[in-house]
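Read the structure below first, then the notes.
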Amino acid sequence: MEPSDFFSARYVKPEDIILDCYRLAKIYSRNPQEFLEMPISQIGRHLSWTAKLIEVMKPPKEDDD
């Protein structure tokens, strides 16, 4: 098993992280500074759970049958 199986070494641009913080702040009506002060791993966790929440809250698709 390779170490890359456990750890992701992909590069994330700081601008993307900042935009993610502002996106989360907009979604939750919070001050972006709250997210900007968090560790990157915590921001990632918030993004992941928020994406799942949005998916669950989507109305069911209507069949055209």
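Per-structure values
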| read-out | value |
| --- | --- |
| Segment 29-65, residues that are among the small types (Gly, Ala, Ser) and under 21 Å from residue 16 (Cβ atoms) | 41, 44, 48, 51 |
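Every residue, every condition in (1) at pLDDT 85 or above; (2) surrounded by fewer than 10 Cβ atoms within 10 Å (Cβ to Cβ); (3) part of a loop (DSSP other than H, G, I, E, B); (4) touching a strand residue (DSSP E or B) at 6+ places or on another chain (Cβ under 8 Å), yes or no:
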| site | (1), (2), (3), (4) |
| --- | --- |
| 7 | no, yes, yes, no |
| 15 | yes, yes, no, no |
| 22 | yes, no, no, no |
| 26 | yes, no, no, no |
| 38 | yes, no, yes, no |
| 50 | yes, no, no, no |
| 59 | yes, yes, yes, no |
| 63 | no, yes, yes, no |
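The values are calculated or read from the model by the stated rules, or taken from the named source; none is laboratory data. Everything quoted here is computed from the prediction, not taken from an experiment. Note that each Cβ is placed from the backbone with ideal geometry, even for glycine, and that neighbours are counted across all protein chains shown.
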